[in-house]
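**Student:** Attaching a single structure in structure tokens format; questions to follow.
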Amino acid sequence: MVDENDAVSCAKAVLIIHPGALGDVLLSRSAIRTIHLKFPQHELIFLADRSVGSFLLECGEINRFVPIDSSCLTELCAGEEHIHPLFRSWLSRCEYVVGWLRDPDGAVAATVQSLGIHNVMVMSPFSPGLRARHQAERYLETIDGLGCAASSFQPLMLPQRLSAEGPRYLEHVARNDSRPLAIIHPGSGSAHKCMEPWRLAKLVEWMRGQGLLPMLLEGPSDLGSVTQLRSLLQRPVAVMRNLDLCTVAAVLSHATLFVGHDSGITHLAAALSVPTLACFGPTDSRRWAPLGPNVTTLTGEPCTCPTWDAVQCCRERKCLHIAPDRMIDGCRMALATRSSAPIL
């Protein structure tokens, strides 16, 4: 539920409901900014994942945040009679509601409209009725009804307090090593989107030869990928682990280069304008490529698996057979600060 100690503002508001993970939310930033530009005097309230929402709030991308794991979304699905009085008073300020979620029986939209909010747009960005190809453009398409020009990509800016955490953390982990930092994220939200570790191992050794300081980033589900990669390296490499999202962003913002798979962290590096090499396999880079001013996207052979179940059963994984030499060339392109995003 909304914190009862949280003072209810008198300002008019727009509620955005987004249950997606980090990468999905970052791809919706242009749509969020478009809404904000359309309603500059309205408070932008975000109902989303706790860590992602609090991070965007700290970065000034939204005005207020309510965690998706509170009872608020459940109440919206259950009906008007289940809305908590505090949540009801908070919703009374909303003139518009945008919901990026599946609502097959129209329960969320009906509840919102029963509260007197008539401007309601609830549509999943995965809806087959959408025409746009890239996911960011699909988010924008869902709000076509607002009748405003779409906002272009804007880099994600960290507040000074958060940005300063990066050097403090790196001073401890890198032990005063002044070489330019290259961060490699060997994992992803799914092991089926990750290439064989030996390919990344060759890239790490190349980085060392170029005078870069390679460091590995380990997420909650990345232990296996990181352990395998470290076992293939000629010399030990530092690993950053157990970091919250804000600290990851702070460290990424000071990197010279980032290499990762199709993951939320790769989208975060790109949004922070870090030169980024994004390695794709079974997911379509034309749909999911990270947005940023300096992103190079690599893929293996086209994925022929018709479903995600087929991807999970696939043993060849030719779509992730990206030659180390191609990754090295991609890193050179990223380090050259190219603003395009070629698919090589």
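**Student:** Between residue 168 and residue 328, what is 0.36 nm times their sequence separation minus the Cα-Cα distance? Round to one decimal in nm. Write down the numbers at each step before the final one.
**Tutor:** Numbers: separation 160, 0.36 × 160 = 57.60 nm, distance 2.95 nm.
Full extension of this stretch gives 54.7 nm more.
**Student:** Between residue 231 and residue 63, what is the FRET efficiency for a Förster distance of 51 Å, r being their Cβ-Cβ separation, to the nearest 0.05? Mind showing how you got there, number by number?
**Tutor:** On the way: r = 47 Å, r/R0 = 0.92.
For R0 = 51 Å, the calculated efficiency reads 0.60.
**Student:** Karplus couplings for the range 301-310 from phi (6.51 cos²θ - 1.76 cosθ + 1.60, θ = phi - 60°), rounded to Hz, Gly and Pro as x?
**Tutor:** Listing the rounded values in order: 5, x, 6, 9, 6, x, 9, 5, 4, 5 Hz.
**Student:** Using the Karplus curve 6.51 cos²θ - 1.76 cosθ + 1.60 with θ = phi - 60°, what ³J(HN,Hα) values do you get for each residue of the range 72-81, in whole Hz, with x for Gly and Pro?
**Tutor:** Running phi through 6.51 cos²θ - 1.76 cosθ + 1.60 with θ = phi - 60° gives 4, 5, 4, 5, 5, 6, 7, x, 4, 5 Hz.
**Student:** Name the residues of the range 251-292 whose amide N is less than 15 Å from a point 7 angstrom out from the Cα of residue 157 along the C-beta direction?
**Tutor:** Backbone N within reach: 272-273.
**Student:** Taking the chain as the reference, fit the longest principal axis to its C-alpha atoms, fit the long axis of helix 324-335 to the helix C-alpha atoms, and give the angle between the two in degrees, 0 to 90, nearest 10.
**Tutor:** 60 degrees
**Student:** With the contact rule set at Cα under 8 Å and sequence spacing of 6 or more, what percent relative contact order holds for the chain? It would help to have the intermediate numbers written out before the result.
**Tutor:** Working: 648 pairs, mean separation 51.6, N = 344.
Relative contact order here is 15 percent.
**Student:** Now for a separate question. With just the Cα atoms defining each centre, how far is the range 24-85 from the range 306-324? Give it in Å.
**Tutor:** 35 Å
**Student:** At a threshold of 8 angstrom on Cα-Cα distance, excluding pairs fewer than six apart, so keeping six or more, what relative contact order does the range 264-305 reach in percent?
**Tutor:** Details: 56 pairs, mean separation 18.3, N = 42.
Worked out over the range 264-305, it gives 44 percent.
**Student:** Check each of the trypsin sites (Lys or Arg not before Pro) in the range 134-225 and keep only those in coil by DSSP with at most 16 other C-beta atoms within 10 angstrom; list them in order. Present the calculation step by step, with values, prior to reporting the outcome.
**Tutor:** Numbers: sites: 138, 161, 168, 175, 193, 199, 202, 208; in loops: 175.
Listed in order of number, the matching sites are 175.
**Student:** Taking the Cα centre of the range 13-146 as the origin, how large is its charge dipole in debye, to the nearest 20, when only Lys and Arg (+1) and Asp and Glu (-1) carry charge on their Cβ atoms? If you can, show how the numbers build up before the last one.
**Tutor:** Numbers: 11 positive and 15 negative charges, 68 e Å.
Using only the charged Cβ atoms, the result is roughly 320 debye.
**Student:** Once every DSSP H run of n ≥ 4 in the chain is given -39500 (n - 2.57) and the sum is divided by its residues, what mean residue ellipticity at 222 nm do you get, rounded to the nearest 500 deg cm²/dmol? Mind dumping the intermediate values first?
**Tutor:** Values: 16 runs with 128 residues, N = 344.
Calculated at 222 nm, the ellipticity per residue is -10000 deg cm²/dmol.
**Student:** For the range 259-324, which trypsin sites (Lys or Arg not before Pro) are in a loop by DSSP, counting at most 13 other Cβ atoms within 10 Å?
**Tutor:** Values: sites: 286, 287, 315, 317, 318; in loops: 315, 317.
The qualifying sites are 315.
**Student:** Sorting check: for 263-273, 241-251, which peptide has the highest mean count of neighbouring beta carbons within 10 Å, and how do the rest follow? Intermediate values should be presented prior to the final figure.
**Tutor:** On the way: 263-273: 26.0, 241-251: 17.5.
Descending packing order for the listed peptides: 263-273, 241-251.
**Student:** If you take the beta carbon distance between residue 196 and residue 312 as r and set R0 to 22 Å, what does 1/(1 + (r/R0)^6) give as a FRET efficiency, to the nearest 0.05?
**Tutor:** Values: r = 17 Å, r/R0 = 0.76.
E between residue 196 and residue 312, to the nearest 0.05, is 0.85.
Computed from the coordinates by the stated procedures, all read-outs in this text should not be read as laboratory data. Only a predicted model underlies this, so the values are computations on that prediction, with no experimental measurement involved. All Cβ positions, glycine included, derive from the backbone under ideal geometry; neighbour counts span all protein chains shown.
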